[in-house]
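Below: the structure, in structure tokens.
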Ligand SMILES: [Zn+2]
């Protein structure tokens, strides 16, 4: 004789059997719950956090996560720093040695509302205006070591950075942007007055001109051409004039230039 409870259980078991549902063992149920929790957890984790990479850690930006060192961001090695030559004299980078035939179309630290910041350099142009200076030679402002030569972004175009050691021991960088052509490579020594490239338009972004900067910096960080804070930017032509160390009619070439030609 079946009790009432037994009958109910038997009926319910029969119904499950007919529907093809079997009661899972506790171990299988536990594993299934774990799997569901794991999948939900992974989905949430993926939504709230990007995968960790080496660049998330406290490491220099130049550390190559994949492939090569990025020369747009790097501190100079002790060896590179030791190779920076003394620069006893500075000359303007465009026009003649005393900057004839050149005008400054956008001076350092002028506010540019369209670009949302102060101009971090001087925009030097040939006096003909517009593209008449396209292809004109750009000169190294002083003896130095090329620490960047390349195209950091389309807006910058071709760009060169040269490190100089001033007579009073400071390391300064000169930067030449929007170039049509580059004639030097990273690691080469250049002499004041040596041709390092030519005036360009940064891939047609601007009428031809030379965006020229002077920076007090230990490493390369190209950054932007407009900023709200001066950062390491110096007044380019003002700095150059303070370091010029030559009379206006003194056109003597760099002794380093003579050495490099040999
Ligand atoms: Zn500029």
Checklist line | Unique match (being within 16 Å of the ligand (Cβ to nearest atom), within 24 Å of residue 76 (Cα to Cα) and surrounded by 24 or more Cβ atoms within 10 Å (Cβ to Cβ)) among 161, 190 | finding: 161
Notebook entry, point to check: Of the residues 62, 49, which single one is away from the ligand (no atom under 16 Å from the Cβ), modelled with pLDDT under 90 and in contact with a strand residue (DSSP E or B) (Cβ under 8 Å, 6 or more places away or on another chain)?
Noted result: 62
Notebook entry, point to check: Can you pull out the residues in the range 113-149 that are within 24 Å of residue 243 (Cβ to Cβ) and not in a strand (DSSP E or B)?
Noted result: 120, 121, 136, 140, 141, 142, 143
Check: From the set of residues in the range 117-145 that are in contact with a helix residue (DSSP H, G or I) (Cβ under 6 Å, 6 or more places away or on another chain) and over 25 Å from residue 227 (Cβ atoms), which is nearest to the ligand (Cβ to nearest atom)?
Finding: 126
Next item on the list: Could you tell me whether any residue of the range 237-259 is within 16 Å of the ligand (Cβ to nearest atom), under 19 Å from the mean Cα position of the chain (by Cα) and closer than 20 Å to residue 164 by Cβ?
Entry: no
Next item on the list: Scan the range 93-111 for residues that are surrounded by fewer than 21 Cβ atoms within 10 Å (Cβ to Cβ), within 14 Å of the ligand (Cβ to nearest atom) and outside any strand (DSSP E or B) and jot them down.
Entry: 107, 109, 110
Item checked: Residues of the range 65-84 classified as at pLDDT 90 or above and buried (at least 18 other Cβ atoms within 10 Å of the Cβ), total -> 1
Next item on the list: Give me a count of the residues in the range 204-227 that are modelled with pLDDT of 95 or more and away from the ligand (no atom under 16 Å from the Cβ).
Entry: 1
Note to self: Please go through (1) within 16 Å of the ligand (Cβ to nearest atom); (2) without any contact (Cβ under 8 Å) to a residue 40 or more places away in the chain; (3) closer than 24 Å to residue 194 by Cα for residue 114 and return the number of the only condition it doesn't satisfy.
What the structure shows: (3)
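The values are calculated or read from the model by the stated rules, or taken from the named source; none is laboratory data. Note that the structure is a prediction, hence the values are computed from the model and not measured. We place every Cβ from the backbone using ideal geometry, glycine too, and count neighbours over all the protein chains shown.
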